[in-house]
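**Student:** One structure coming up, written as structure tokens, with questions to follow.
The values are calculated or read from the model by the stated rules, or taken from the named source; none is laboratory data. Computed from a predicted structure; not experimentally measured. Here the Cβ is made from the backbone with ideal geometry for all residues, glycine too, and neighbour counts use every protein chain on show.
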Ligand SMILES: [Zn+2]
């Protein structure tokens, strides 16, 4: 930058409008439009969970408007009018977005995503955690926060579009994969596939929670690809009644 001239305080032309050619304001609208559309698309690729507290729209608005609203307050080169133009453009894109989402189901699904079914009758559905972009330990953490002790309590679990978990419990819970105490604190006893069992055991897959009775002999792998198993448990914290291993399998 060339040496700058000293500024004249309260130069109304510079403060309110700036000294740029009129076409520059169209450029600002174009820039804001492009930036905000890119921002919305990028936000869609973020983990849903990271956005649990704010909806994607609110988050986008906060980022896009934050700088536009803030910069003209202290950058002398940025007149208020240019900042306002950014604000108006972002809000307009936002209104257009909301209108499109309400108008067009395909657009809504593409932008907001679909709810993901994570659990069906005590089993984590294959690939569902990847689809919902959360790890198994994050998922178990969310379940514990909702008071779930073991997967056999669950009829269905969905990751909703807003990143919240919705749970539907079985009227009569089955013994399943225990998630308390958290495995990070207390690693449960593990059986590996290929190991020999001396007696019949009912085990839950460490990966998906599928319950299967294994007779004497070698433990097979789970259909989900997991090779480690834990004891099933009805009441891992010992709050309620003890339940014997069931022989019925899944
Ligand atoms: Zn499995």
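**Student:** With the checklist (1) under 26 Å from residue 120 (Cβ atoms); (2) more than 15 Å from the ligand (Cβ to nearest atom); (3) modelled with pLDDT of 85 or more; (4) surrounded by fewer than 14 Cβ atoms within 10 Å (Cβ to Cβ) in hand, flag the one item residue 187 doesn't pass.
**Tutor:** Here residue 187 meets the rest and fails (1).
**Student:** Can you find a residue that is at pLDDT 90 or above and within 22 Å of the chain's Cα centre (by Cα) anywhere in region 208-220?
**Tutor:** Yes: one or more hits.
**Student:** Applying the selection to region 154-184, what residues are modelled with pLDDT of 95 or more and under 14 Å from residue 118 (Cα atoms)?
**Tutor:** 154, 155, 156, 157, 158, 166, 167, 168, 169
**Student:** Working only within region 196-210, note down all residues that are within 16 Å of the ligand (Cβ to nearest atom) and out of contact with any helix residue (DSSP H, G or I) (no Cβ under 7 Å at 6 or more places or on another chain).
**Tutor:** Of everything in region 196-210, those that are within 16 Å of the ligand (Cβ to nearest atom) and out of contact with any helix residue (DSSP H, G or I) (no Cβ under 7 Å at 6 or more places or on another chain) turn out to be 201, 202, 203, 204, 205, 206, 207, 208, 210.
**Student:** Collect the residues in region 121-172 that are without any contact (Cβ under 8 Å) to a residue 60 or more places away in the chain, within 16 Å of the ligand (Cβ to nearest atom) and more than 19 Å from the chain's Cα centre (by Cα), keeping them in residue-number order.
**Tutor:** Hits for region 121-172 are 121, 151, 154.
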